[in-house]
Amino acid sequence: MISNDQHSDSLLSLKLWAPALAAGVILLLVAQYSFLAFHTLAELFSIIVSFILFAVAWSTRRLNRNNFLLFLACGYFWVGSLDLLHTLTYKGMGIIEHAHVHTSVDFWISTRFLEAIILLLAPLAASRRVKEVRLFYIFGIIALLICGAIFSGFFPQTYIDGVGLTAFKINSEYLIDIILLIALVVLYRSRATIPQREKQLIAASIVMTMLAELAFTFYVSVYGLSNVIGHLFKLGSFWLIFHAVIISNLAKPYADLAKKERLYRRLFENTEVSLWDVDLIAVYDAIQRLKKQGVKDMRQYLTQQTDLMPRLATLVRIRQVNDATIKLFSPDQNLSPEDQAEMMLRAMPLDLFEEPLISIWNGESQARCEAHCVLPDGKDINIVITFQIPETREEFSSIPVSIVDITKHKKDEKRIWLQANFDELTGLCNRSYFTDSVSHAIDIAERQREKLALLYIDLDRFKQVNDTLGHSFGDILLQQTAERLQSSLRKTDIPCRLAGDEFAVLLPNTGNADEVEIIAHKLLQTLAAGYELKGKDAYISASIGIAMFPEDGRTVDELLRKADSAMYKAKEDGRNHYHFFTEELEQAAQRKRMMEQDLRRALDADEFEVYFQPVHRKDATLAGCEALVRWNHPHKGMVPPIDFIPLAEELNLIIPLGEQVLRKACAEAVRWTELRESPLKVGVNISCRQFQGVDMPALVAEVLNETGLPGDKLVLEITESLLIEDDDNNLVQLSKLRKMGVSLAVDDFGTGYSSLGYLKKFPVNILKIDRSFVKGLPQNTEDIALVNAIVSMARSLQMDVVAEGVETAQQLALLADRGCDYMQGFYLSKPLPADQFRNYIRDREQDWDLQELSNYQI
């Protein structure tokens, strides 16, 4: 930025005033010999300046919009015209004869009034949209009116020959100075965006004009000294205006251009973007010749004339490149710049030139293309080439071309695409990419009337590998599974990892079911072979469900759903099987969906009831009961637990269902204290999912607090699978429950992975012998041995034993004889609704012997 002080100094600089001073000296010398010549030359200078001001401002108005100068130019054109009439009517010129001697002075005074008004209004017009044509005509009309008034004799007399100026003339000069003074104030207070340099030059011009007018107030003779001084001040005034116009409209654009060239040079040299200055004029000429020869379609012509592209490429000339280009393309530094340019051009693939050629051919404004280049050092890069296509032939001789290295961007783009469409662990496509592929394959199969198959694969016993060896080994197994899938399939087949241990395979263009069976059988064999996982062996199998297009479905979702149903059927068949989808499976799936809807509604409608099955001591006294959930469906009646408990587990609805049963069982157990003195214990089954999804100690504490049931009267029955998980969270929760006085029973003991290890680790205090071991008593000696072993183990661990499924007196007697503490089964009582169980308690208030108990049946 240039300070105001610097501007003030510049107004006094010799460089600014030297031409004007030289002109003034010459005019003074001329005045010594001919005042008329002096006057004519002085006025001619102001006239020429006025016309130049108008010509420059008017011709550049659309390129350099400066309303301030445009307003001045429109006014000064007519100022110059009136000054020309003043000069032509001056005494002694003899060009325009007129009766009045003072005509020349009349033109002078009227022109100065017009000039003063123009200088006053110009700053006000700077901030407004100037309608230049209308403004030009307005000032023209004013000038014509002045001429009419002067030539017709209506203008007041301003000069008397031999006497001098009239009072009107002198007062007019003073009035003009006042107007100019106001114009000076308006100019400096103007908020319009008038460049500071222009404002200073115009202000200095106004001051010079005011001095000229003061000098003319002393005018007595046309040859007097005041006349000479006034014209010299006027010359200085118009010189300043001339300088303002030149700086703003002629010199300034050249200065801006030079500044932009320096900026371009700095950008060219310092930018990290590769910039080439390329000469394409020979290419342009070649294209124009092809057009004259009648070529219509350049792309088609390039395809037909395979040798044309190489020939056109040789016409490209590189004028210069920046340092970023040398850094990017790494040419041999020992070569000359011309050879370096040639080497960089050869690094470009030939087809790179096609799109720019087409763009030039079509007369587009910009050419842009992407390319893959192999650099002289063997490095691969991806680039984007962009340049603006010139409008004239001459501009094709120097075209700035930018080349951006997008290698990293391309790699990031590919990485993001892979992350979005492929599984990171296995490298197989993910569900999103797979469904798109299946949808596309369906479209093709429909058009070509082909078949395709979709296989849904679930790994059997994969969870066991994760639980026993750890998730890192499970990940390795999944990776090997993916490799086996890919190696066992055709190139056109698409394997996919859907989620977890679930995979899918698309088999396009499949002839018939026999062909699919062969592939499915091969996959089962491949996946069932042993896995070596960091020195550890693992064995799994797979269950495969198969859906066919178009028989089983015509959409991706439909095929996936039906293949999934078929896969579950394969698991039911014993795993390591494949199963095709059938309508029976669809019906079963439909029943399952309806059951799910009913189950969710039943939870909200509180349709679940709690039944209680008595548990007796071996001396026949009533010790407690087990709470069992029953579903009294409003339309189907009683739904067996086997029909809805597994589904509730699968849907995670077992959590709210289990909480309902716990609350109802505890609330009912509190009511029993009114029926007998010794409280009864109530056992409630708890699912593994409840421990995973709920803070069980907090829930039990809340229920016990709400119902008032003592903690030692609640037995939570858990399965062996919860203990096998060996989860620290499970151990913490079970320990908290035992501290609350709650008993923990292992339900169906002996059917899972029975282990002394977890019995010692976890705070359980009751074992429940599964009914499958009681069923064969007393005939089955193996069952007797198992019962003896379980009772003996429980005794050694100081645990109580409950036998489930007691259905005969012989079983009851044998279990009592073997030391089993508690009995439960249909021989004693079936599960009873709450009201019937209360009656059962009343009837058992007095102790019964075994014979009496055996005679009681409901």
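Which one is most open to solvent (accessible area, probe 1.4 Å) among residues in segment 479-518 that are in a helix (DSSP H, G or I) and in contact with a helix residue (DSSP H, G or I) (Cβ under 8 Å, 6 or more places away or on another chain)?
Going through segment 479-518, the residues in a helix (DSSP H, G or I) turn out to be 479-488, 513-518.
Narrowing the set further to residues that are in contact with a helix residue (DSSP H, G or I) (Cβ under 8 Å, 6 or more places away or on another chain) leaves 481, 484-485, 487-488.
Values: 481: 1, 484: 44, 485: 1, 487: 87, 488: 14 Å².
Checked segment 479-518; the qualifying residue most open to solvent (accessible area, probe 1.4 Å) is 487.
(1) within 58 Å of the chain's Cα centre (by Cα); (2) in a strand (DSSP E or B); (3) of a type outside the set (Gly, Ala, Ser): which one isn't true of residue 801, the others all being true?
Answer for residue 801: the failing condition is (1).
Among the residues of segment 521-543, is there at least one that is under 25 Å from residue 443 (Cβ atoms) and of a type in the set (Val, Ile, Thr)? Reasoning before the result, please.
Within segment 521-543, the first condition is being under 25 Å from residue 443 (Cβ atoms), and the residues that meet it are none.
The answer is no, given that none of the residues of segment 521-543 is under 25 Å from residue 443 (Cβ atoms) and of a type in the set (Val, Ile, Thr).
Out of the strands (runs of 3 or more DSSP E) lying entirely within segment 535-610, which hold 2 or more residues that are touching a Phe, Trp or Tyr at 6+ places or on another chain (Cβ under 7 Å) and modelled with pLDDT of 90 or more? Write out each step before concluding.
Working: elements: 536-538, 541-549, 578-580.
Strands (runs of 3 or more DSSP E) meeting the threshold: 541-549.
Whether any residue in segment 326-349 is modelled with pLDDT of 85 or more and buried (at least 17 other Cβ atoms within 10 Å of the Cβ) is what I want to check.
Our first condition is that a residue be modelled with pLDDT of 85 or more; within segment 326-349, this holds for none.
No, segment 326-349 contains no residue that is modelled with pLDDT of 85 or more and buried (at least 17 other Cβ atoms within 10 Å of the Cβ).
Is there a residue in segment 721-730 that is of a type in the set (A, V, I, L, M), at pLDDT below 90 and exposed (fewer than 15 other Cβ atoms within 10 Å of the Cβ)? Before you say what the answer is, go through the steps one by one.
In the first step, residues of segment 721-730 are kept if they are of a type in the set (A, V, I, L, M); the result is 722-724.
Subsequent filtering for residues that are at pLDDT below 90 retains 722-724.
From what is left, the residues that are exposed (fewer than 15 other Cβ atoms within 10 Å of the Cβ) are none.
No; the residues of segment 721-730 include none that is of a type in the set (A, V, I, L, M), at pLDDT below 90 and exposed (fewer than 15 other Cβ atoms within 10 Å of the Cβ).
Which fully enclosed strands (runs of 3 or more DSSP E) of segment 374-471 have 2 or more residues being within 17 Å of residue 498 (Cβ to Cβ) and open to solvent by less than 30 Å² (accessible area, probe 1.4 Å)? Please lay out each step first, then the result.
Details: elements: 380-388, 399-405, 452-460.
By residue number, 452-460.
Do we have any residue at all in segment 764-780 that's on the phi > 0 side of the Ramachandran plot and either open to solvent by 40 Å² or more (accessible area, probe 1.4 Å) or hydroxyl-bearing (Ser, Thr, Tyr) (or both)? Show your work before the answer.
So the first thing to find is which residues in segment 764-780 are on the phi > 0 side of the Ramachandran plot, and the list is none.
No, segment 764-780 has no match at all.
Determine if segment 566-574 includes at least one residue that is loosely packed, with under 14 Cβ neighbours inside 10 Å, small (Gly, Ala, Ser) and under 29 Å from residue 653 (Cα atoms). Give the derivation first.
So in segment 566-574, the residues loosely packed, with under 14 Cβ neighbours inside 10 Å come out as 572-574.
Okay, now just the ones that are also small (Gly, Ala, Ser), so 574.
Filter once more, keeping what is under 29 Å from residue 653 (Cα atoms): 574.
Scanning segment 566-574 turns up at least one residue that is loosely packed, with under 14 Cβ neighbours inside 10 Å, small (Gly, Ala, Ser) and under 29 Å from residue 653 (Cα atoms).
Residues 114, 144: which one is touching a Leu at 6+ places or on another chain (Cβ under 8 Å), without any contact (Cβ under 8 Å) to a residue 40 or more places away in the chain and of a type outside the set (Asp, Glu)?
After ruling out the rest, the residue left standing is 114.
Can you say whether residue 709 is assigned to a loop (DSSP other than H, G, I, E, B) and either buried (at least 18 other Cβ atoms within 10 Å of the Cβ) or of a type outside the set (A, V, I, L, M) (or both), as far as the supplied structure shows? Step through it out loud before you land on a result.
Working: assigned to a loop (DSSP other than H, G, I, E, B): yes; either buried (at least 18 other Cβ atoms within 10 Å of the Cβ) or of a type outside the set (A, V, I, L, M) (or both): yes.
Answer is yes for this residue.
For segment 256-320, please list each of the helices (runs of 4 or more DSSP H) lying entirely inside it that holds at least 3 residues being open to solvent by 30 Å² or more (accessible area, probe 1.4 Å) and at pLDDT below 85. Give the derivation first.
On the way: elements: 281-292, 298-304, 308-313.
In segment 256-320, there are no helices (runs of 4 or more DSSP H) which contain 3 or more residues that are open to solvent by 30 Å² or more (accessible area, probe 1.4 Å) and at pLDDT below 85.
The values are calculated or read from the model by the stated rules, or taken from the named source; none is laboratory data. What you are looking at is a predicted structure, and each value in this text was computed from that prediction instead of being measured. Because the Cβ atoms are built from the backbone with ideal geometry, glycine has one as well, and the counts that use them run over all protein chains shown. Heads up: the accessible areas ignore ligands, DNA and RNA and are worked out on the full protein's heavy atoms, side chains in. Shrake-Rupley method; radii C 1.70, N 1.55, O 1.52, S 1.80 Å.
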